[in-house]
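Note sheet for the following structure.
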Amino acid sequence: MVYQTQPYGIQSMLKEGHKHLSGLDEAVLKNIDACKQLSVITRTSLGPNGMNKMVINHLDKLFVTNDAATIVSELEVQHPAAKILVLAGKAQQEEIGDGANLAISFAGELLEGAEELIRMGLHPSEIISGYIKAIDKTIKILDELVVEGSEKMDARNKEEVVSRMKAAVASKQFGQEDVLCPLIADACIQVCPKNPANFNVDNVRVAKLLGGGLHNSSIIRGMVLKNDTVGSIKRIEKAKIAVFAGGVDTSATETKGTVLIESAEQLENYAKTEEAKVEELIKAVADSGAKVIVSGAAVGEMALHFCERYKLMVLKISSKFELRRFCRTTGSVALLKLSQPNPDELGYADSISVEEIGGARVTVVKNEEGGNSVATVVVRGSTDSILDDLERAVDDGVNTYKAMCRDSRIIPGAAASEIELAKKLKEFSFTETGLDQYAIAKFAESFEMIPNTLAENAGLNAMEIISSLYASHAAGNNRVGIDLEEGACKDVSTKNIWDLHVTKFFALKYAADAACTVLRVDQIIMARQAGGPRREQPAGMDED
């Protein structure tokens, strides 16, 4: 006779198959270890000399990039604690559009410091209170580091914009920032509204065309559509445009009807009436003054025939996002079905033409005069992965422009600010009594990760660089950073390397918040995975 022992403790409460981890060793240190692994991945991609990662996601799509936000979103991180760091990086990407790597790597560094303190015997709650004091002090020191006079910026002055954008673009495309920054700055300035704070990132588009090189890239006021026109008219100037979202074709009736045809004449007339109806509709559009018809769906053979007869250019845009942007560029209103448009529903473009760029036929819609709605940066490169990376660099530049329109204050870049923060926080930790002073000192040490990583990624001796940086800052020059090209410490104002205050502010804040959230966890309770088929991920949106 076999006696079954009754489960006791937490086993008796939860279903069979659950996992329960608690205590310092099982929960806290394992969480910290997972987060450290994630930050080790992103850290080597930090800065201008950051290495690329080759990530192949669950759909077999290949990414070759050093953009931390792309890397962590494609990795499909499973560990719940590491996911918190991923969320911090994503929050940074959505808020500012740059600095996700700094947020993730710095959070990992803070947790590594916390692990050492826990092994020394400190309680996580003391570490958290020390970290919170340290981040509050950090924010105050950051405000002191702001360059005087930088809070006023003319959002339409290209030089000022480029100097603030350079660091963000260089961290993605080192050595090419001098080509890319003026392009991005021009595009942003063209679409900048009267009040720069209302700048919309979506108004700067990127068109990636294979072939050529970065020096062939250009900027177009208006849109670049990656398809040819339907029909034979390939170029038109100063045209009015009618947009039909539902396609240009004979519409089927809602109800089913039966037509009884008794003779050949009736059959002939039946076909003629259909033709006459389509001709009437197309003629009505032509009479309204429109020279271009844009269709959101299929264009029927018969409709196309009459469009040709009335010398109308026909464009097909199947993506509804692209169609909306087209309407915004040209100022037209998308009509649901084929009918005569009112004059105020027509849009206008200076020129619409089909051009061949690097073997690909594209339709260029230019709008020099009418409004400042959309600008397109045409980037050229030899492979798809290079183009994708260039697109990310442009996106970072545009996001940085949006951030500087909100808050244009700048602080010294090239790790100058970080060393100054480390130095000041170290001094602050000596004034504190209590156990949280150790946590504050660890927080200060964590800032050394940034110059350390920048130097290592560039193949320099990190210890020498950090000690000479500390020496310069101790002598009172708080603008000395690392010049990666010469491998020495230089004043960043001579090199013109500035970081946006708002990027650093949010990155450090999100990193500290994520680290504290992970440290607050002392138990992990995972229910048994539900049986049944796995839920599929929702299908990806289209390109836009």
Hey, what's the Kirkwood Rh for the stretch 169-269 if you take every pair of different alpha carbons, in angstrom?
19.6
Can you give the charge dipole size of the stretch 291-336 about its Cα centre, rounded to the nearest 20 debye, using +1 on the beta carbon of Lys and Arg and -1 on the beta carbon of Asp and Glu?
200
Label-point gap, in nm, between Glu279 and His18 - each point 7 angstrom along Cα→Cβ:
7.8
At a probe size of 1.4 Å, how large is the accessible area of His215, to the nearest 10 Å²?
150
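Which value in deg cm²/dmol, rounded to the nearest 500, describes the helix-derived mean residue ellipticity at 222 nm for the chain, given -39,500 (n - 2.57) per DSSP H run of n ≥ 4 and division by the residue count?
Estimated from H runs of four or more residues: -15000 deg cm²/dmol.
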On a full-extension model of 0.36 nm per residue, what is the gain between Ile10 and Asn461, subtracting their alpha-carbon distance, rounded to one decimal in nm?
157.1 nm
Taking only the alpha carbons of the stretch 403-468, what extent do you get along each of the three principal axes, in Å, biggest first?
38, 37, 16
Amide H proximity to Asp499 below 5 Å, modelled H, separation 5+ or other chain, gives Ile411, Gly413
Around Cys489, which amide H atoms from residues at least 5 apart in sequence, or from another chain, sit under 5 Å from its own amide H, with H modelled in the peptide plane?
Asp483
To the nearest 20 debye, what is the magnitude of the charge dipole of the stretch 277-378 about its Cα centre, counting +1 on the Cβ of each Lys and Arg and -1 on the Cβ of each Asp and Glu?
300
Mean separation of Cα contacts under 8 Å, 6 or more apart, over the residue count of the stretch 334-375: relative contact order %:
30
DSSP loop (so not H, G, I, E, B), at most 15 other Cβ within 10 Å: list which trypsin sites (Lys or Arg not before Pro) in the stretch 243-314 pass both filters.
Lys256, Lys311
Scaled radius of gyration (Cα, divided by 2.2 N^0.38 Å) that the chain gives:
1.24
Compare the Cα positions of Ile96, Leu315, Ser171 along the charge dipole of the chain (+1 at Cβ of Lys, Arg; -1 at Cβ of Asp, Glu; about the Cα centre) and return the one farthest towards the positive end.
Leu315
Cα-based Rg/(2.2 N^0.38 Å) for the stretch 263-345, rounded to two decimals, is 1.24
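Leaving out ligands, DNA and RNA, and with a 1.4 Å probe, what % of the accessible surface on the stretch 356-500 is carbon or sulfur?
Carbon plus sulfur share of accessible area: 47 percent.
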For the chain: accessible area per residue (Å², 1.4 Å):
50
Under a no-solvent Debye model with one identical scatterer per Cα of the stretch 192-340, what's log10 I(q)/I(0) at q = 0.09, 0.16, 0.18 Å⁻¹?
-0.40, -0.96, -1.12
Under 19 Å from the Cα of Lys442 - aspartates and glutamates, other chains or at least 8 residues apart:
Asp33, Glu109, Glu112, Glu115, Glu116, Glu126, Asp136, Glu418, Glu420, Glu427, Glu432, Asp513
Where q = 0.12 Å⁻¹, what log10 of I(q)/I(0) comes from the Debye formula for the stretch 241-307, counting one point per Cα?
-0.39
Whole-number value, in Å³ per residue, for the convex hull of the alpha carbons of the stretch 88-193 is 142
For the stretch 354-506, the dipole about the Cα centre with charges only on Cβ (Lys and Arg +1, Asp and Glu -1), to the nearest 20 debye, works out at 420
Probe 1.4 Å, all protein chains in place: accessible area of Lys19 in Å², nearest 10?
120
Could you tell me which residue out of Ala286, Ala239, Tyr270 lies farthest along the dipole of the stretch 187-293 toward its positive end? Charges go on the beta carbon: Lys and Arg +1, Asp and Glu -1, centred on the Cα centre.
Ala239
Using a basic spin-label model with each label point 7 Å from the Cα along Cα→Cβ, how many nm lie between Val179 and Asn496?
1.8
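Starting from the alpha-carbon convex hull of the stretch 273-397, give the projected area averaged over all orientations, in nm².
It is 9.3 nm².
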Give me the net charge for the shell around Asp384: Cβ to Cβ below 11 angstrom, other residues only, Lys and Arg +1, Asp and Glu -1.
-1
Give the lysines reachable from Lys30 as a straight Cα distance under 18 Å; neighbours fewer than 8 places away on the same chain don't count.
Lys19, Lys83
I'd like the distance between the alpha-carbon centres of the stretch 448-516 and the stretch 306-355, rounded to an integer number of Å.
51
Roughly to the nearest percent, how much of the accessible area of the stretch 82-165 is carbon and sulfur, given a 1.4 Å probe?
49
Keeping the other protein chains in place, figure out the carbon and sulfur percent of the accessible area of the stretch 288-345, with a 1.4 Å probe.
55
Any idea how far apart Ser288 and Ala271 come out in nm if each label point goes 7 Å out from Cα toward Cβ?
3.0
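The values are calculated or read from the model by the stated rules, or taken from the named source; none is laboratory data. The shown structure was predicted, so the numbers you read here are calculated from the model rather than taken from an experiment. Cβ atoms come from the backbone with ideal geometry, glycine included; neighbour counts cover every protein chain shown. Quick note on the areas: whole protein, heavy atoms, side chains included, nothing else; ligands and nucleic acids left out. Shrake-Rupley method; radii C 1.70, N 1.55, O 1.52, S 1.80 Å.
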